[in-house]
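A.B. asks: Just dropping this structure here.
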Amino acid sequence: MRNIAIIGTGYVGLVSGSGISDFGHNVICADINEDKIKLLNKGQIPIYEPGLEELVLRNVQANRLSFTTNLKEAIQKSEVVFIAVGTPQSENGEADISAVNAVAKTIGENLNNKKVICTKSTVPIGTGEIVSGIINENKSTEAEFEYVSNPEFLREGSAVKDFLWPDRIVIGSESEWAFEIMKDVYRPLYINDTPIVNTTVETAELIKYASNAFLSLKISYINEISALCEKVGADVHVVAKTMGSDGRISPKFLHPGPGFGGSCFPKDTSALVSMAQNKNVPMRTIQAAIETNVHQKKRMVIKLHALTGDFSGLTIGILGLAFKSKTDDVRESASLEMVGSLLKAGAQIKAYDPEANTSFTEFFPEITYCKTWEEAVKNTDAVAVMTEWNEFRTMDLKKLKYLMKSPIILDTRNILSRKELQKNGFSFDNVGRPMASMQ
Ligand code: UGA
């Protein structure tokens, strides 16, 4: 059992902290945001993440997990300190690591004995050296530390599962001492044969960007193929599935949609392009994936326009506001582009997301937010399904048609049966599955 501090209680910090405590370690999660810590100490979880509440409460009750705003105490009581604060995109496309640097300064000022300092936040290659430099500059004792890069591969919406059953753990460190401690932190996974890959710090930092950029590339690729499917009468799902059955390709992350969003892919692809540019290495494929993605979001608006004609004076129902289902995170979501374009063209919006109504309000306070899908589609001229929640998948199409003013639907996630839509007299479109490909 080891004593561990996690600085930053965003979804990465909170999932990692509660996950590591579930492995049997003593974990203190620290954050300078008093409101968040107050909520957590009351047993409330500030974000929506399936399974997280149960994981947190179980470990708090077992006295292995606690929350504090006292960073000094958290650092001094621990032998491993994880940095898990945000690295948002700055104006020039690069990741802003000012929060990481601020934590590094606090760690330096409070370093009381030999520790592993480990970054989980997604940080530009070379950050390890910067963080180590800041800690050294701010140290007032002779205490030593070893720096480790341990990137996370958690998907919002399935972060708990991804943490507890990962495909691999990456430990970027050249110190044997630090590697052995990190292996022990992840011991339950290690003894279950989860691959633990030991690399240099720089390699670990790059693995994270290269992974996210590659997944983005796959999505943009299939989204482009979906546009071609529409023109030639092919079914993108059959194309993706059959391509994916080739072990070299894999069917994962080949699901067409309205374009990727969230706090990671858009930010990390831009950061990689920008980092590589600084080294005079063009990232042409990633640049293309970004462009395709921007266009894919616009393409959804064009598709809806093709179904309805002029948006002015129409009432449109939007089902799904977050960047995907099972999260309340609306950052870079395709719904932001859709709603923005519709409002600009003079449409009225009725919107519903099972978890993200509140977060979307921050961007568009002027639209009507509904408590159910039924309320959102009532008296609308058209509906756009933007995320893949099961409750949208299983909508009763007869009821949907009855509630709407005119039965027009854009299914940007391909979750509705085209046969059923046709049978019920809907005018509809989706992504990459034209009528010609219906059997
Ligand atoms: C992503 C990665 O999947 C994680 O491995 C990584 O740790 C995380 O970023 C991060 O860097 O923190 P996340 O952004 O939470 O996770 O969600 P994803 O499930 O990857 O989805 C990203 C976007 O791609 C969503 O908008 C989703 O709808 C879209 N997507 C995903 C598709 O359009 N098609 C697919 O086949 C898969």
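A.B. asks: Which of the residues belonging to the range 321-360 are in contact with a Leu (Cβ under 7 Å, 6 or more places away or on another chain) and within 12 Å of the ligand (Cβ to nearest atom)?
C.D. replies: Result: Val330, Ser333, Ser335.
A.B. asks: For the range 379-399, how many residues meet the condition of being more than 16 Å from the ligand (Cβ to nearest atom), touching a residue at least 40 places away in the same chain (Cβ under 8 Å) and of a type outside the set (S, T, N, Q)?
C.D. replies: Result for the range 379-399: 3.
A.B. asks: Which residues, counting only those in the range 38-78, are assigned to a helix (DSSP H, G or I) and either hydroxyl-bearing (Ser, Thr, Tyr) or under 19 Å from Ala102 (Cα atoms) (or both)?
C.D. replies: Leu71, Lys72, Glu73, Ala74, Ile75, Gln76
A.B. asks: Find all pairs meeting these conditions: Cβ atoms under 7 angstrom apart; at least six residues apart or on different chains; first residue within the range 1-24 and over 15 Å from Leu154 (Cβ atoms) and assigned to a helix (DSSP H, G or I); second residue away from the ligand (no atom under 16 Å from the Cβ) and of a type in the set (A, V, I, L, M, F, W, C).
C.D. replies: Between residues of the range 1-24 that are over 15 Å from Leu154 (Cβ atoms) and assigned to a helix (DSSP H, G or I) and residues that are away from the ligand (no atom under 16 Å from the Cβ) and of a type in the set (A, V, I, L, M, F, W, C), the close pairs are Ser21/Val27; Ser21/Leu65.
A.B. asks: For the range 413-433, give me each residue that is in contact (Cβ under 8 Å) with a residue 40 or more places away in the chain and either out of contact with any Lys or Arg (no Cβ under 8 Å at 6 or more places or on another chain) or among the basic types (Lys, Arg) (or both).
C.D. replies: Arg413, Ser427, Gly432, Arg433
A.B. asks: Across the range 223-242, what is the total count of residues that are of a type outside the set (A, V, I, L, M) and in a loop (DSSP other than H, G, I, E, B)?
C.D. replies: Total meeting the criteria: 2.
A.B. asks: While we're on this one: Take the range 79-104 and flag every residue that is part of a loop (DSSP other than H, G, I, E, B), more than 17 Å from Ile37 (Cβ to Cβ), touching a residue at least 24 places away in the same chain (Cβ under 8 Å) and not charged (D, E, K, R).
C.D. replies: Within the range 79-104, Thr87, Pro88, Asn92, Gly93, Ile97 qualify.
A.B. asks: Can you name the residue in the range 394-439 that is among the hydrophobic types (A, V, I, L, M, F, W, C) and part of a loop (DSSP other than H, G, I, E, B) and, of all such residues, is nearest to Pro258 (Cα to Cα)?
C.D. replies: Going through the qualifying residues, I end up with Val431.
A.B. asks: Considering only the range 253-301, state which residues are closer than 17 Å to Ser333 by Cα and β-branched (Val, Ile, Thr).
C.D. replies: Within the range 253-301, Thr269, Ile290, Thr292, Val294, Val301 meet the criteria.
A.B. asks: Looking at the range 58-68, which of its residues are exposed (fewer than 15 other Cβ atoms within 10 Å of the Cβ) and of a type outside the set (D, E, K, R)?
C.D. replies: Scanning the range 58-68 gives Gln61, Ala62, Asn63.
Quick note: the coordinates plus some simple rules give every number you see, no bench work behind them. Remember, predicted model here, so these are calculated numbers, not experimental data. With ideal geometry, Cβ positions are generated from the backbone for all residues, glycine too; neighbour counts draw on all protein chains shown.
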